[in-house]
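Read through the structure below, which is laid out as structure tokens, and then see the notes.
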Amino acid sequence: MRGDPMLELDAIDVAYGDVQVLYGLSLVVREGEMVTLLGSNGAGKTTTLRAISGLRPPRAGDVRFRGRSLLRVPAARRAELGIAVVPEGRELWPGLTVRENLVLGAYPPRVRASAARNLDRVYALFPRLSERSRQLAGSLSGGEQQLCAIGRALMSEPSLLMLDEPSLGLAPVLVDQVMRTVAELHAGGITVLLVEQNLRKALEISERGTVIETGRVRLEGTSAELAANPEIRAAYLGV
């Protein structure tokens with residue numbers, strides 16, 4: 001078992017207008033863990049991340065970070081607390097350079113003074129971004145854009161890094177590269193909550209997983225337990 005709970009979702013309900021997406025969903029991510037959130041398209045995975053980041057506040061339940069309720073904490077302030085998200089589709093500013101995109105990740109006040117140092121760290125981690133620092137982000141390859149999105153999140157010195165489908169649309173060799181990168185970041189001390197459609201790869205690098213179906217927790221267990229579960233193997237791993 002890892003350390004104390006870092007992130008706790010306590011029976012949250014989340015809706016878009018009259019359409020409810022999450023129903024009493026509970027989840028715990030402990031300090032130092034990597035947890036994968038599994039489920040089919042439309043299960044509510046992205047909505048869960050949006051609830052944590054403050055973009056879609058729950059209408060019931062609680063979201064706690066290191067024991068503190070976030071319900072009254074706006075999204076920008078959550079980034080200041082150390083929560084960063086790499087969104088699905090990367091959402092870079094295509095008309096800005098790689099360097100400009102990265103520097104914009106250092107907007108939380110607590111890290112602005114460290115922006116130059118953190119930029120050097122991102123370049124050391126992703127030399128390709130250093131080579132393309134003056135290139136427009138919109139002209140990068142899909143894999144390079146994903147690394148840029150991860151690098152932008154790292155500029156805020158997160159203690160909790162959430163990634164939403166980081167391998168989406170990438171060639172297999174780039175999927176391996178991105179997953180290795182996520183594993184290395186976790187090994188370096190960052191707590192990770194991963195949403196990933198490539199479940200085989202996700203379970204290989206994570207410690208635990210939570211399966212959600214139609215906005216509810218369906219199964220939880222270690223990655224080894226989920227990978228060996230016949231239901232999971234048939235539904236998500238194709239075996």
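The values are calculated or read from the model by the stated rules, or taken from the named source; none is laboratory data. Since we're looking at a predicted model, the values are computed, not measured. Counting neighbours? That spans all protein chains shown, and the Cβs are built from the backbone with ideal geometry, glycine included.
Below, the figures for the structure above:
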| item | result |
| --- | --- |
| Checking Trp93 against (1) in contact with a helix residue (DSSP H, G or I) (Cβ under 7 Å, 6 or more places away or on another chain); (2) over 29 Å from Leu136 (Cα atoms), the condition it does not meet | (2) |
| Where Val195 falls short, out of the listed (1) of a type outside the set (Gly, Ala, Ser); (2) surrounded by fewer than 20 Cβ atoms within 10 Å (Cβ to Cβ); (3) in contact with a Lys or Arg (Cβ under 6 Å, 6 or more places away or on another chain) | (2) |
| Close pairs from the stretch 76-100: first more than 13 Å from Ile52 (Cβ to Cβ), partner of a type in the set (Lys, Arg) and in a loop (DSSP other than H, G, I, E, B), Cβ under 6 Å, at least 6 apart | Thr97/Arg134; Val98/Arg132 |
| Selection status of Val178, assigned to a helix (DSSP H, G or I), among the β-branched types (Val, Ile, Thr) and under 30 Å from Met155 (Cα atoms) | yes |
| Test: residue in the stretch 170-182 that is among the β-branched types (Val, Ile, Thr), touching a strand residue (DSSP E or B) at 6+ places or on another chain (Cβ under 7 Å) and at pLDDT 95 or above | no |
| Condition met for Glu91 (charged (D, E, K, R), farther than 23 Å from Ala202 by Cα, under 20 Å from the mean Cα position of the chain (by Cα) and not in a strand (DSSP E or B)) | no |
| Qualifying residue in the stretch 106-114 (condition: in a strand (DSSP E or B), in contact with a Lys or Arg (Cβ under 8 Å, 6 or more places away or on another chain) and touching a residue at least 40 places away in the same chain (Cβ under 8 Å)) | no |
| Residue match in the stretch 191-204 (condition: touching a Leu at 6+ places or on another chain (Cβ under 8 Å), small (Gly, Ala, Ser), part of a strand (DSSP E or B) and over 21 Å from Arg121 (Cβ atoms)) | no |
| Every pair of residues 6+ apart whose Cβ atoms lie under 7 Å, when the first sits in the stretch 1-20 and is closer than 16 Å to Thr48 by Cβ and buried (at least 16 other Cβ atoms within 10 Å of the Cβ) while the second is modelled with pLDDT of 95 or more and aromatic (Phe, Trp, Tyr) | Met6/Phe65; Leu7/Phe65; Asp13/Tyr23 |
| Given (1) among the β-branched types (Val, Ile, Thr); (2) part of a loop (DSSP other than H, G, I, E, B); (3) crowded, with 21+ Cβ neighbours inside 10 Å, index of the condition Val73 fails | (3) |
| Subset of the stretch 50-71 [of a type outside the set (A, V, I, L, M, F, W, C) and under 23 Å from Tyr23 (Cβ atoms)] | Arg50, Ser53, Gly54, Arg56, Pro57, Pro58, Arg59, Gly61, Asp62, Arg64, Ser69 |
| Hits in the stretch 199-225 - residues which are surrounded by 19 or more Cβ atoms within 10 Å (Cβ to Cβ) and of a type in the set (S, T, N, Q) | Ser206, Thr210, Ser223 |
| Output for the stretch 116-138, where each listed residue is within 12 Å of Arg152 (Cβ to Cβ) and among the hydrophobic types (A, V, I, L, M, F, W, C) | Leu119, Val122, Phe126, Leu129, Ala137 |
| Test result for Ala51, surrounded by 15 or more Cβ atoms within 10 Å (Cβ to Cβ), assigned to a helix (DSSP H, G or I) and either touching a Pro at 6+ places or on another chain (Cβ under 9 Å) or among the charged types (D, E, K, R) (or both) | yes |
| Candidates Ala79, Ala137, filtered to the one that is surrounded by 15 or more Cβ atoms within 10 Å (Cβ to Cβ), touching a Pro at 6+ places or on another chain (Cβ under 7 Å) and modelled with pLDDT of 95 or more | Ala137 |
